[in-house]
Amino acid sequence: MLQTLLGDFPRREYMLNGHNACAGCGPALAVRYLVKVSRQEAVIVIPASCWSIIAGVEPFRSLETVVLHCPFPAAASVGAGIKKGLEAVGDTRTQVIVLAGDGATFDIGMQGLSGVAERNEDLLYVCYDNEAYMNTGTQRSSASPYGSLSTTTPAPRAKSSPKKEIMKIMAAHRIPYAATASVAYPADLMAKMQRAMQVKGFRFLHIFTPCMQGWGSPVEFTVRLARLAVLTRIFPLYEVADGARYRISSFPEEHIPIEEYLQGQKRFAGLDESQKALLQKEVDRNWAALCRQADHSPFISDD
């Protein structure tokens, strides 16, 4: 069934066995799919993150491609510089891909990310979002959702502010292509990766990648929770062209309450019924707004 869904995408693995990711690692699963599309024709830039560890060092590397590690706030700038250098020596084929977590994207690297997006550098930026600083011990980031617990927002002081809306920020830069994706929908993820690699200019992929250790969930729940995030509309799957034209790529057939998503995670153990109702209202409002944008913004038309 999976092979049928994936169509013509390669069966060969470009992510090697025996890496250092935790059991049930969402980011590891995401990159496994990503490199099936980019193959060996890319330079991958990685700032401080879980993938700083997973990527490994020679001779224990986990990816069959060129990997460059860089300082935490500098990923977008380093990626843009590498692309300029490749073009200077006549290499216009090699893709440069920044692979960064939510901490390096939503927070520490935001200044460089915004600058590169504003200049429309020919760069593909991939944010894998596990909604906290997981590599350093589960501290909250601005990608952490309202009501979630972490080592810096422990019970009873759960995070009191909502998750930063990174896609709206990127859309405001009017970049050629931005999209959300999820490890629970590999065919959709790889199709968007393929589309992004064919676009000229700055591109942004926001991938939902659960962290079972940080979220307090069984390791076998990774795909289940990622799927529930889409089905409950907490993390909708859609694309944005030129910051204005929206296309929703997955419409949940039924309305599943967010309770089904929340109950599998210890990080939400402190939420009371009124807080859950507040979250449900926010999810419903955001979904309605997204549907209005998609209905009135044809994705393909340039009008």
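Quick note: the coordinates plus some simple rules give every number you see, no bench work behind them. The structure displayed is predicted, hence computed values, not measured ones. Backbone-built Cβ (ideal geometry, glycine too); neighbour counts: all protein chains shown.
Using R0 = 35 Å, the C-beta based FRET efficiency linking residue 40 and residue 72 works out to 0.85. Among the GluC sites (Glu not before Pro) within the range 206-303, those in coil by DSSP and having at most 10 neighbouring Cβ atoms inside 10 Å are 253, 254.
Give the calculated FRET efficiency between residue 244 and residue 161 to the nearest 0.05, with a Förster radius of 30 Å applied to their Cβ-Cβ distance. Efficiency computed from Cβ-Cβ geometry: 0.60. Label zone of residue 92 (point 7 Å out along Cα→Cβ, amide N under 20 Å): in the range 201-226 this covers 201-203. Can you tally the net charge around residue 32? Count Lys and Arg as +1, Asp and Glu as -1, for every other residue whose Cβ sits under 14 Å from the Cβ of residue 32. With Lys, Arg at +1 and Asp, Glu at -1, the net is +2. Sparsely packed loop sites in the range 164-214 (the trypsin sites (Lys or Arg not before Pro) outside DSSP H, G, I, E and B with at most 13 other Cβ atoms within 10 Å) comprise 200. Here each label is just a point 7 Å from Cα along the line to Cβ, and for residue 61 and residue 266 those points are 3.7 nm apart. In this label model, residue 256 and residue 187 are separated by 1.8 nm, measuring between points 7 Å along each Cα→Cβ vector.
Charge dipole of the chain (Cα centre as origin; +1 on each Lys and Arg Cβ, -1 on each Asp and Glu Cβ, all else neutral): 260 debye, rounded to the nearest 20.
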